[in-house]
Amino acid sequence: MYLVIDNVLTGETLARAQALLADAPWADGRATAGYQSAAVKRNEQLPERHPLTQQLQEIVEGGLAGSLLFQSAALPRHIFPPLFNRYASGHDFGTHIDNAIRQTPDGAALRTDLSATLFLADPASYDGGELEVEDGSASHRFKLAAGSMLLYPATTLHRVTPVTSGARLASFFWVQSLVADAGRRAILFDIDLGIQSLRPRVGDQDPALVALTGAYHNLLRQWAQP
């Protein structure tokens, strides 16, 4: 499932994140890459423990907490603290797959069920820099509006195409879901979208809606790994 989630950050919140990134102390992005990824990664990244990174993480985490679509699709158990990168002219990230397990700053192991890229620069301000995700024999390219995010399976091969002018700014992170199986997670997401669509039309106490909500929670109860 490839899900575009618009308006994770908007207005003053987005503007504040962009202002903080304007004077960021960028470092070599290979610092957080795995062995294979480091060979094909050419970008810059904010140091994980820099105070500016922590301020930006609070902004992004607030946006995620307020996104009902993200919560429904990801069913997050743990979210890796968001990181931030910059692709200037000549930067790219070749084809790779994300590590299955990431170590959080506090030393905990996080299984990467989902990957996420939150775009933070106006797409008209840079050329290139598309996020390209493979899906079997096809591939899909994404270059989203600032404040919008792509959520996609961490099991997929993906790349960032070369930036030829300007600078691409983004936040990226991984999610360990309460429901590890992608197929089951997709079923729950479809049911939840149906519930949300029906509620304003039939009301919370409609017997069919109550039954559908009960089925959702019973499936979640069976499949969740808290």
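Quick notes on this structure:
- Selection of region 129-139 for residues being open to solvent by 30 Å² or more (accessible area, probe 1.4 Å) and at pLDDT 95 or above yields only Glu130.
- Close contacts from region 13-29, counting a first residue that is within 10 Å of Gln45 (Cβ to Cβ) and a second that is at pLDDT 95 or above and in a helix (DSSP H, G or I), with Cβ to Cβ under 9 Å and a gap of 6+ residues or different chains, come to Ala24/Leu52; Ala24/Thr53; Ala24/Leu56.
- Listed here are the strands (runs of 3 or more DSSP E) enclosed by region 47-129 that have at least 3 residues being more than 18 Å from Leu150 (Cα to Cα): 101-103, 109-111.
- Remark: Leu56 falls outside the filter, which requires a residue to be under 24 Å from Glu132 (Cα atoms), crowded, with 19+ Cβ neighbours inside 10 Å and in contact (Cβ under 8 Å) with a residue 40 or more places away in the chain.
- Against the conditions (1) in contact with a helix residue (DSSP H, G or I) (Cβ under 7 Å, 6 or more places away or on another chain); (2) of a type in the set (Gly, Ala, Ser); (3) over 30 Å from Asp127 (Cα atoms), Ala182 satisfies every one except (1).
- Some residue of region 203-211 being surrounded by 14 or more Cβ atoms within 10 Å (Cβ to Cβ) and touching a residue at least 40 places away in the same chain (Cβ under 8 Å): no
- Among the candidates Ala116, Ala121, Ala109, Ala73, residue that is over 16 Å from Ala167 (Cβ atoms), more than 15 Å from the chain's Cα centre (by Cα) and of a type in the set (A, V, I, L, M): Ala109
- Arg168 being basic (Lys, Arg), free of Cβ contacts under 8 Å to residues at least 24 places away in the same chain and closer than 23 Å to Leu9 by Cα: no
Every residue, every condition in (1) among the aliphatic types (A, V, I, L, M); (2) farther than 30 Å from Ile195 by Cα; (3) touching a Cys at 6+ places or on another chain (Cβ under 8 Å), yes or no:
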residue	(1), (2), (3)
Tyr2	no, no, no
Leu21	yes, yes, no
Glu44	no, yes, no
Ile97	yes, yes, no
Ser115	no, no, no
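- Failed criterion for Gly63 (all others in (1) open to solvent by 30 Å² or more (accessible area, probe 1.4 Å); (2) in contact (Cβ under 8 Å) with a residue 12 or more places away in the chain; (3) not aromatic (Phe, Trp, Tyr) hold): (1)
- If you go through region 66-120 and keep only what is open to solvent by 20 Å² or more (accessible area, probe 1.4 Å), among the small types (Gly, Ala, Ser) and more than 19 Å from Glu132 (Cα to Cα), you end up with Gly66, Ala100, Gly107, Ala108, Ala109.
The values are calculated or read from the model by the stated rules, or taken from the named source; none is laboratory data. Model, not experiment: these values are computed from the prediction. Counting neighbours? That spans all protein chains shown, and the Cβs are built from the backbone with ideal geometry, glycine included. Each accessible area value is taken on the protein alone, full model and side chains, heavy atoms only, with ligands, DNA and RNA left out. Shrake-Rupley method; radii C 1.70, N 1.55, O 1.52, S 1.80 Å.
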